[in-house]
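Okay, so here's the structure we're looking at.
Every read-out reported here was derived from the displayed coordinates using simple, explicitly stated rules and does not represent laboratory data. Note that the coordinates shown come from a computational prediction; the quantities given were computed from them, not determined experimentally. Virtual Cβ from ideal backbone geometry, glycine too; neighbours counted across all protein chains shown.
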């Protein structure tokens, strides 16, 4: 561990210990220390007797003391995570002072492209078509309460003001924030509403993202000019999206009114940001415009403003006559205020505000004040291009079963057939050319029609950019896409004009999630693109089709390896097919924060998949649990964007086509064979072993997770108790909490062992060749290795002890344990290592240091989970403590699913 990081961790945890002793007494502190020491001793010796001693220690704790102990260990991870984040920022700043920059940074990548002699023309073509859009989602929800997050941010700012060698008084200056953390309840007592989630997303947009865009683009322009002099940068390709308040798939808490609220709050938020930025700029440009030509240009523009808006004449006497920059800014501020109130004088759109900002930027730059121009009006101009007047573009999402039911009601009302799917398509196409008929939808689908009305209202009140995507979960056929077009036509979002031309104000985005759907998706797109009427719809959307790929449900459906192979294959086939058809394709990656839900190393993942960002276009979900990790700190947010951009540049300009086609085809065949074997073995356990569901329900805290108040969305799409209906997020969360991590490795060991058995001569050599020569296969093996390292069978076996039936416990846990051993052995053989994480020493050390602090939380959870399940009268009391353990383990493992 870095020495400065070690000192900060020691400082904060020492102060936490002092606060605990002061608030709770020495007995509680002694109980915490005893559990910690037992855990450390066990991790050194792996002596099972120490585990039993730890269990007895936990059993002796009263509920009140156990709650304090859980709170202390949970806060330990808050503080350690803060220290690690600060250390990462220090490393980034150190790298920024070097000529080459940090790996995966803009500077490093552009100079690498230059060194590899990538032509400027090729780079410019890619940049001209690039579009990068992180999309904020609410789920899985950030486990930290906002109050806790605010205390941590203030503690970080306090540490920033202190030096490295602190005296006793300086050390105690952080006590108020540590004490506030201790006294603040980490557990949400009330359910999180959709409105709270909307405000939560705005915290990061207002606190970091709005400022980030301008700073990021300044650096981008600077680095490309340094590496490729004379190459003009393209228009900013960065955008932001959001599902918060518009993702209704299985979430009745999100209503059409919620969606309107989300759009209004985003609009209000970005207009306030522009207004406050202009206010700050007023204080910066308190200098006269002394260049005659420049002054004349500004005076002409101000005179035009006064003719159009006589109300602005009063503003000209506020500043000195020659302070023309300030006078222009005051007009801009007045017009922003009118825009917020939708009053006369409002900007006609963000483009008009951008024009004013660009005029001011040019004027200040020619003053000449290039640094002031870049800092102030330049960032306003970039902000207007990136955020418009809508802040973040809202994606509506709904389950295909509901849009299908709504479309079928329209067809029944028109006395047209709706089954089978081909008949439904023909019926819809015949209806689209007719005026929409009024009818009263049934209560079950009324909300679907209201969603489309809300989408149209957002476009009319704000702009088309504010909401123009409709994501269709569990798309199963081309008819599902036509359902959405029919519903859009019902509210005027889709029109069929005379002469057969179509106009659509909405992009229909099919979401393919299960293994079967990922396999079928190219055929579904083939059917759509072969349809003359659908091609007319595409023409109205600039011949662009976006497709979303779901990482979570595919892993739950078929396991880690099969899901990743299906996703890789779908991306490749979709890209090749769209190119043949002359359609511009965009891929939207629905990744989670965990490896089992597509997370992990985003840069390396995109870099290893040349088809992941066709034409440089990439949308990717930033899910609730990782938003604060990526966007609370401006330096880390900048780094996150740099890694996404440079991954796309690397994939298209460096890595694409490096492996000979014949060899790649051979390796893909091997991976397909491995994936098939892994899928069958995974499904044999999860869906074909009768005892498995009982094991899952009792050996993981899934019943507890289903009662948590982490977000507005239920853990199940529908009301059944079927495993298929359970969302992927709680599925992964439950296995993470119980330290099994099963979805992220199970089946891989069996697949490799059976492949080697079938290829005794040269099978292992071939897999090692793939690992060394194919970045995608290496990524799969390395991510599995990380999951194996985080898996802890000692703790998982304790959770298995919660299963009431000894037979069920033995049948299932034995299979899990045996497959873990096979997978560990197989991955190490393929990677050529003797133990896990030999090539990732920093991560290995982090896991080693964290385990003794996560273990006590697991033991507390196991004990009180058993009591909670048995109790009839104290369930509420136990639930508070259990929620603390869930949060603490999540912060320790850095994952809520």
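Just a few scattered comments:
- Net lengthening on full extension, residue 88/residue 33 (0.36 nm per residue, minus Cα-Cα): 16.9 nm
- Relative contact order (percent, whole number), the chain, Cα cutoff 8 Å, 6+ residue spacing: 16 percent
- For 700, 272, the sequence from fewest to most other C-beta atoms within 10 Å is 272, 700.
- Sites residue 654 and residue 835, calculated FRET efficiency, Cβ-Cβ separation with R0 25 Å, nearest 0.05: 0.20
- The range 298-395: relative contact order as a whole-number percent, Cα under 8 Å and 6+ apart: 20 percent
- Spin-label zone in the range 541-583 - amide nitrogen under 15 Å from a point set 7 Å from the Cα of residue 688 along the C-beta vector: 558-559
- Mean shadow area of the range 109-165 over all directions, Cα convex hull, nm²: 8.6 nm²
- Computed over the range 579-701, the convex hull of the alpha-carbon atoms projects to a mean area of 11.0 nm².
- For the range 521-591, convex hull of alpha carbons as volume per residue, Å³: 80 Å³
- Shape call, the range 412-519: gyration tensor on alpha carbons, a/c limit 1.5: rounded
- For a modelled paramagnetic label at residue 450, 7 Å from Cα along Cα-to-Cβ, the residues of the range 226-250 in reach, with backbone nitrogen under 17 Å, are 245-250.
- Förster radius 60 Å - calculated FRET efficiency between residue 495 and residue 371, Cβ distance, rounded to 0.05: 0.75
- Estimated 222 nm signal from helices in the chain, with DSSP H stretches of n ≥ 4 weighted -39500 (n - 2.57), rounded to 500: -21000 deg cm²/dmol
- Förster-model FRET efficiency, 35 Å R0, residue 869 and residue 18, C-beta, rounded to 0.05: 0.45
- Relative packing of 108-114, 325-331, 308-314, which averages over residues the other C-beta atoms within 10 Å, highest first: 325-331, 108-114, 308-314
- Here the label points at residue 45 and residue 59, each 7 Å from Cα along the C-beta direction, are separated by 2.0 nm in the simple model.
- Beta bridges per DSSP, both residues in the chain: antiparallel share near 10 percent.
- Shape descriptor for the range 825-868: Rg over Rh equals 1.23 (Cα atoms; Rh from the Kirkwood inverse mean 1/r).
- Relative contact order computed over the range 675-816 (Cα-Cα under 8 Å; 6+ residues apart), in percent: 35 percent
- Debye log10 I(q)/I(0) at q = 0.06, 0.07, 0.08 Å⁻¹ for the chain, Cα point scatterers: -0.44, -0.61, -0.80
- Rounded to two decimals, the Cα radius of gyration of the range 489-563 over 2.2 N^0.38 Å is 1.37.
- When each of the peptides 71-80, 426-435, 744-753 is scored by the mean number of other C-beta atoms lying within 10 Å of its residues, the order from highest to lowest reads 744-753, 71-80, 426-435.
- Residue-span extension gain [residue 423 to residue 157] - 0.36 nm each, minus C-alpha spacing: 89.5 nm
- Residue 416-residue 661 pseudo-label distance in nm [points 7 Å out on the Cα-to-Cβ vector]: 4.3 nm
- Tail weight of P(r) past 14 Å, computed on alpha-carbon pairs of the range 313-386, percent: 62 percent
- Over the range 616-770: Kirkwood hydrodynamic radius from C-alpha pairwise inverse distances, Å: 19.5 Å
- Under the simplified labelling scheme, the residue 572-residue 848 pair shows an inter-label distance of 3.9 nm, with each label point 7 Å from Cα along Cα→Cβ.
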